[in-house]
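Reading through the structure tokens given below for one structure.
Please treat every number below as a calculation from the coordinates, not as lab data. Bear in mind the structure is a predicted one, so any value in this text is a computation, not a measurement. Don't worry about glycine lacking a Cβ; one is built from the backbone with ideal geometry, like all the others, and counts go over all protein chains shown.
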Amino acid sequence: MQRFDPALLASRLASFVLRLVTVPKCIVCGETLEKEGELCPDCLALWKNAREARCPRCHKTAAACSCTPLSMFSTDTIRHRPMLSLIFLGKPGSGKIEDKLTRTIVYKTKRSENRAAANFCARELASVTLRFLYRAGEKPADWMITYPPGTRQRIRKYGFDQSRQLAKKISRYTGIPWMSCMRRKGRTMQKTLSSMERRINAERAYTLRDCPVQGKNILLIDDVITTGATVSACARLLRQGGANKVFPISIARTKRVAASARRAPSSHPWFAYRVNK
Ligand SMILES: [Zn+2]
Ligand SMILES: [Zn+2]
């Protein structure tokens with residue numbers, strides 16, 4: 001049972017009142033919303049377009065693409081898919097309006113104290129994930145959600161850990177329990193590194209906490225999957241802890257992922273480590 005905490009109650013009450021008196025605005029263009037939600041009808045239509053964008057390699061949508069990034073191994077595949085993503089993250093400055101929109105939404109999920117963007121992404125990802133699990137014959141009750149924790153620097157800078165926040169929200173929308181299973185050791189943020197450096201850094205960056213992952217199926221939530229190095233390192237760690245299946249889910253994957261997969265010959269040594277192959 002949770003103990004009564006007056007400070008927590010007061011802050012919840014304050015945010016509730018604030019929500020009543022402020023007018024909800026579109027998280028992308030700032031237009032006042034007439035109905036409940038996070039996006040205006042125009043931005044929502046663009047988001048739906050972005051979800052239909054095709055992979056340059058297999059010409060499927062991000063939610064259906066089964067191209068495996070070069071540096072991704074030790075994760076499981078479900079229905080031949082190495083991961084589940086909502087969208088392909090567009091290149092910055094590509095000039096395409098959908099790319100700008102998806103980048104804005106992902107960016108706000110990462111940094112904004114306004115939780116609307118995270119709510120939106122979590123709800124979208126929750127519904128896609130549930131549908132995917134049911135179709136694959138997986139029972140959501142057999143799964144749990146965890147995440148690679150952010151660096152301490154990053155959490156201090158923005159005041160929260162975006163992957164933890166996403167994991168919690170997705171858990172709320174899906175009913176799948178979440179757990180904090182890993183600790184972050186390193187200080188280096190992945191985005192500043194090349195793909196080989198990412199792999200080496202990710203291998204050193206996480207340790208397993210004392211938590212029961214034995215025999216569990218784990219959905220590993222990361223906001224953006226770039227090379228797959230982070231999710232691979234975490235999956236390996238969770239397996240060492242006795243986890244059964246580890247399957248990565250993310251809001252976005254980069255198209256660079258698909259491009260590097262194309263160049264990988266099937267005899268590439270890293271593919272040999274893939275578990276379900
Ligand atoms: Zn809008
Ligand atoms: Zn593909």
request  = Please give every one of the lysines within straight-line cross-link reach of K110, meaning a C-alpha to C-alpha distance under 26 Å, and leave out same-chain neighbours fewer than 8 residues apart.
outcome  = K25, K35, K48, K91, K96, K100, K157, K168, K169, K185, K191, K255
remark   = Sorted largest first, the Cα spans of the chain on the principal axes come out in Å as 60, 48, 39
inquiry  = On the Cα set of the stretch 1-154, report Rg and Dmax in Å, please.
reply    = 18.5, 55
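Give me the extension gain from Y134 to R156: residue separation times 0.36 nm, minus the current Cα-Cα distance, reported in nm with one decimal. Numbers along the way, then the final one.
Numbers: separation 22, 0.36 × 22 = 7.92 nm, distance 3.80 nm.
That works out to 4.1 nm of additional length.
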remark   = A correct fewest-to-most ranking of S250, S15 by other Cβ atoms within 10 Å would be S15, S250
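Using 0.36 nm times the number of residues separating N49 and D5, minus their current alpha carbon distance, what extension gain do you get? Don't jump to the answer; show the numbers that get you there.
Numbers: separation 44, 0.36 × 44 = 15.84 nm, distance 4.46 nm.
Separation in residues times 0.36 nm, less the Cα-Cα distance, equals 11.4 nm.
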query = Most exposed first by the Cβ proxy, i.e. fewest other Cβ within 10 Å, how do D42, D5, D223 rank?
reply = D5, D42, D223
